[in-house]
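The values are calculated or read from the model by the stated rules, or taken from the named source; none is laboratory data. Bear in mind the structure is a predicted one, so any value in this text is a computation, not a measurement. With ideal geometry, Cβ positions are generated from the backbone for all residues, glycine too; neighbour counts draw on all protein chains shown.
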Amino acid sequence: MDTSILFISSIMNLFIAGVFMGLAYVVLKGAEAEGAILWMDLGRTLLMIGACLVAQSLVVASVAMIPDKAFKFLWFVVFILFAVTGFLTARYCYRTNKLLAGLLGGGDD
Amino acid sequence: MPDQQGLDFLIGISAFASAIFLFAASGYSMFIRMRIPKGKFSVIFPYLTMGMFLLGFMMISYSVIFLSGLGVITLLTTALFFMGTFIMMVGAYKVTLEFGELAPPPPRPMPKTKKRKKAPASKKKVVSPSSKKRVKKGTKKGKKGTKKAKKKTKKVVRKEEEE
């Protein structure tokens, strides 16, 4: 594989992930100011998703720097992080559903 | 090298597992989007659904790459990563736009008191048909009827006198 392409793409990934993390931070702070529980939860979730994305881009960026075996292990870590991202999103959905069902009255979890 | 192949297999399987997690999250967020009423809190869900779906697709492509031993194809995975992240970023931005609407509007300063102009009274009174029916005997309508009767009797008396 061409390491220079990987490096450039990972730098772009890092930039996008950084912007995403910044937005997530704004959401978290705004939700704290407003006192909206649901959006505070969303802010935390987005922040963690952003952390996963940053980790992935860092791993891709470090292709040329580290040996192949360690690099593949890092891929494993990144994929676990993405699984955690999916889990966090599902958890956020579950919590939203539960809270709104309580607020609106009726409905099961 | 069997060790390398084993590692590739492990990575491919973990990528596939994370893809399943991401697809599950995407489906769940879509389900929630359909379940809860449209409002401020449901803004993020369509974006979250799409973003998670694209990231799941990226993971599938990674698992195919590692399991088949093709080597990392950056173009497809990077494009999917960009799209997924960008869509979720748009969702987060939309949430930040909704914050102003959550807070109650600031109280307006009380305006100086001015004398209100009276509204011009309408010349004709609008009488509803139901109220017409409720008119009792002895009201103006009834009186009008008696005046006519009196005029008739006066005319009759005059004619008799002339004769």
- Item | Count of segment A:52-72 residues which are assigned to a helix (DSSP H, G or I) and either among the small types (Gly, Ala, Ser) or exposed (fewer than 15 other Cβ atoms within 10 Å of the Cβ) (or both) | 6
- Going through segment B:32-43 one residue at a time, which ones are in contact with a helix residue (DSSP H, G or I) (Cβ under 7 Å, 6 or more places away or on another chain) and modelled with pLDDT under 85? B:35, B:36, B:40, B:41, B:42, B:43
- Task: Please specify each residue of segment A:31-44 satisfying the condition of being facing another protein chain (nearest Cβ under 9 Å) and either under 10 Å from the mean Cα position of the chain (by Cα) or touching a residue at least 24 places away in the same chain (Cβ under 8 Å) (or both).
- Result: A:38, A:42
- Taking residue B:21, is it out of contact with any Leu (no Cβ under 8 Å at 6 or more places or on another chain), touching a residue at least 40 places away in the same chain (Cβ under 8 Å) and crowded, with 19+ Cβ neighbours inside 10 Å? no
